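Heads up, the thing below is written out as structure tokens.
The values are calculated or read from the model by the stated rules, or taken from the named source; none is laboratory data. No experiment lies behind these values; they were computed from the predicted model shown. Cβ placement follows ideal geometry from the backbone for every residue including glycine, while neighbour counts extend to all protein chains displayed. Side chains included, ligands, DNA and RNA excluded: accessible areas come from the protein's heavy atoms. Shrake-Rupley method; radii C 1.70, N 1.55, O 1.52, S 1.80 Å.
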Protein chains: 2
Amino acid sequence: MDKNQLMQRAIQLAVKNVGSGRGGPFAALVVRDGEVIAAGTNAVTSGNDPTAHAEIIAIRNACSKLGRFELSGCEIYSTSEPCPMCLGAIHWARPSHVYFAALTEDVAQAGFNDKSIREQMTLPYERQRIPIERLPHGDALLPFKAWQGKTDKILY
Amino acid sequence: MDKNQLMQRAIQLAVKNVGSGRGGPFAALVVRDGEVIAAGTNAVTSGNDPTAHAEIIAIRNACSKLGRFELSGCEIYSTSEPCPMCLGAIHWARPSHVYFAALTEDVAQAGFNDKSIREQMTLPYERQRIPIERLPHGDALLPFKAWQGKTDKILY
């Protein structure tokens, strides 16, 4: 399948996801060497999981299938521009390329908070909608000391 | 438990997580009315899941326990400043407050990419490390049309 056909397939999955009542109108594919190796569709409401966005699920499914925690050599096709959570997940997963179809503006017009959250995250903590603050603790660095002292650690 | 004790408990979980070899030196708690209702520790490497950060797992566990897809009325205690993926997840989950102990600078010094990813995400797509681009498609808005036409949809 070419890029246009892959995006078409993702869009069909997103439409089907709405019909099934599983969640929002979003889907994503993970593709390697032209082959779809995993898919994800939004399951926030049916799964009681605010992190169950299409890209997150597709990344998790692909990594599970490949038996590794990154997606080098893979492409992601998402029906919409990734929200900040999913964009962060993409940077952790390190696919070789990401394609998306609809824009954040389209997503906002459909009633989702992606745009608002993106704006929130550019603000300093004290101006974000959710109060986020540092609680200094004398032991805050203990986990990192344990990590540095661990000789058989797996880096990611 | 007071705030300091709750953070202490999260830090202990993070130290334990390193010892167990489950993943990175991070833990998070979800607290409601002073009671810990869920916890999460990093499981990226053991779970082959780049999204398995402490906050993401804690949010998923708490929502699963509460049977809903948001965390209003709950607080999150994280051993470290949330990475952009986790900050995005926090905005979707809508807890009433978030506390963190170690700073992104500390996390970076321990060898993790949070700071670098945060910087990447402030850049326009064409300058980010991972190529992210729009692939326009004539059917891009079909999922939203299906969504708008669905009368029994659950908003989130």
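List of remarks:
- For residue A:131, the point set 7 Å out from Cα toward Cβ sits 4.7 nm from its twins in the other copies, listed from shortest up.
- Computed label-point distance, nm, for sites residue B:68 and residue A:3 using a 7 Å Cα→Cβ extension: 4.3 nm
- CD proxy at 222 nm, helix term only [per DSSP H run n ≥ 4: -39500 (n - 2.57); per residue of chain A; nearest 500]: -12000 deg cm²/dmol
- Taking the longest Cα principal axis of chain A as reference, the axis of helix A:3-20 is set at about 80 degrees.
- Taken over the alpha carbons of region B:105-156 as equal point scatterers, the Debye sum produces base-10 log I(q)/I(0) values at 0.15, 0.17, 0.25, 0.26 Å⁻¹ of -0.71, -0.75, -0.92, -0.96.
- Net +/- balance of residues flanking residue A:22 in space, Cβ distance below 14 Å, scoring K and R +1, D and E -1: +1
- Using a probe of 1.4 angstrom and keeping all protein chains present, the accessible surface of the protein assembly as shown works out to 41 square angstrom per residue.
- Note on residue B:22 and residue B:133: their simple-model spin labels are 4.2 nm apart, each label 7 Å out from Cα toward Cβ.
- Chain B, dipole about Cα centre (Lys/Arg Cβ +1, Asp/Glu Cβ -1), debye to the nearest 20: 340 debye
- Position residue B:12, label points 7 Å along Cα→Cβ, spacing to each other copy in nm (shortest first, one decimal): 5.4
- Relative contact order (%) - region B:1-136, alpha-carbon pairs under 8 angstrom, separation at least six: 18 percent
- Taken over chain B, the ratio of Cα radius of gyration to 2.2 N^0.38 Å equals 1.20.
- Of interest is the spacing of the C-alpha centroids, which for region B:88-156 and region A:11-59 amounts to 15 Å.
- Based on alpha-carbon atoms, the Kirkwood radius and the radius of gyration of the protein assembly as shown give Rg/Rh equal to 0.96.
- Estimated Rh, region B:1-66: Kirkwood, alpha-carbon pairs, angstrom: 11.8 Å
- Helix B:84-93 axis, angle to chain B major axis (alpha carbon atoms, nearest 10°): 80 degrees
- Exam field: residue A:67 pseudo-label spacings to other copies (7 Å along Cα-Cβ), nanometres: 4.0
- Solvent-accessible surface (1.4 angstrom probe) belonging to residue A:36, in square angstrom, nearest 10: 30 Å²
- Accessible surface of region B:19-156, 1.4 Å probe, proportion on carbon and sulfur as whole %: 48 percent
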